[in-house]
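These notes concern the structure reproduced below.
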Amino acid sequence: MVDTIKKLTDTIDDLLNADIDAIDWAHKPSSEKWSKKQIIGHLIDSAQINLQRFVRCTYEENFKLTYEQVEWVEAQHYQAANVNELLGLWKLLNLQIVRVLANYPAERLQAQCDNNKTTASLHSVEWLAADYVVHMRHHLKQVIKS
């Protein structure tokens with residue numbers, strides 16, 4: 001978990017140290033693609049869901065917690081949001097995740113929950129945390145690349 005926490009904190013720093021003003025946050029490459037603001041919004045949604053998974057796995061197991069990513073991005077109107085507010089929320093949620101993971105009960109790291117919408121797919125907290133960071137890095141490459 002130490003390695004995952006380090007990768008997460010490094011990823012937070014990478015975005016916050018990027019040239020935020022040089023990013024065209026509102027541009028949508030096509031009507032089916034998200035703008036960079038919407039990508040940050042999606043990462044906010046992902047942070048909220050994963051924070052719930054991590055917290056709940058400290059005291060329960062084998063529950064299902066999923067979300068409809070496209071619908072959530074639309075429902076929360078990220079495209080119309082102030083990008084600095086989105087970045088602030090994203091940062092705070094991720095700092096809370098770091099705090100939760102850094103203090104995670106060792107005996108609960110293998111607790112599992114289901115994160116698949118269609119079929120049962122149980123994963124441990126350790127796996128979910130590592131996957132969360134991989135997912136975030138994937139999307140942040142889309143934001144910072146140009």
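Structure summary
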read-out	value
Qualifying residue in region 10-20 (condition: over 30 Å from E126 (Cβ atoms) and of a type outside the set (K, R))	yes
Qualifying residue in region 103-112 (condition: within 24 Å of E68 (Cβ to Cβ) and of a type outside the set (K, R))	yes
Neighbours by Cβ (under 6 Å, 6+ apart or cross-chain): first from region 37-49, within 15 Å of T11 (Cα to Cα) and free of Cβ contacts under 8 Å to residues at least 12 places away in the same chain; second β-branched (V, I, T) and surrounded by 20 or more Cβ atoms within 10 Å (Cβ to Cβ)	none
Restricting region 96-129 to residues that are hydrophobic (A, V, I, L, M, F, W, C) and surrounded by fewer than 13 Cβ atoms within 10 Å (Cβ to Cβ), the residue that is nearest to I12 (Cα to Cα)	A102
Number of the exception - A80 against (1) out of contact with any helix residue (DSSP H, G or I) (no Cβ under 8 Å at 6 or more places or on another chain); (2) more than 30 Å from D21 (Cα to Cα); (3) small (G, A, S)	(2)
Residues within region 16-60 that are under 30 Å from P105 (Cβ atoms) and modelled with pLDDT of 95 or more, tallied	19
Test: residue in region 24-42 that is surrounded by 14 or more Cβ atoms within 10 Å (Cβ to Cβ), of a type in the set (A, V, I, L, M) and either farther than 15 Å from R137 by Cα or more than 14 Å from the chain's Cα centre (by Cα) (or both)	no
Residues satisfying the stated conditions in region 9-47, i.e. among the hydrophobic types (A, V, I, L, M, F, W, C) and over 12 Å from K91 (Cα atoms)	A18, I20, A22, I23, W25, A26, W34, I39
Which numbered condition C57 misses (of (1) touching a residue at least 60 places away in the same chain (Cβ under 8 Å); (2) under 19 Å from R137 (Cβ atoms); (3) crowded, with 17+ Cβ neighbours inside 10 Å)	(2)
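The values are calculated or read from the model by the stated rules, or taken from the named source; none is laboratory data. Bear in mind that the values here come from a model prediction, so they are computed numbers and not experimental data. Please note: Cβ atoms are built from the backbone with ideal geometry, for glycine as well, and neighbour counts cover all protein chains shown.
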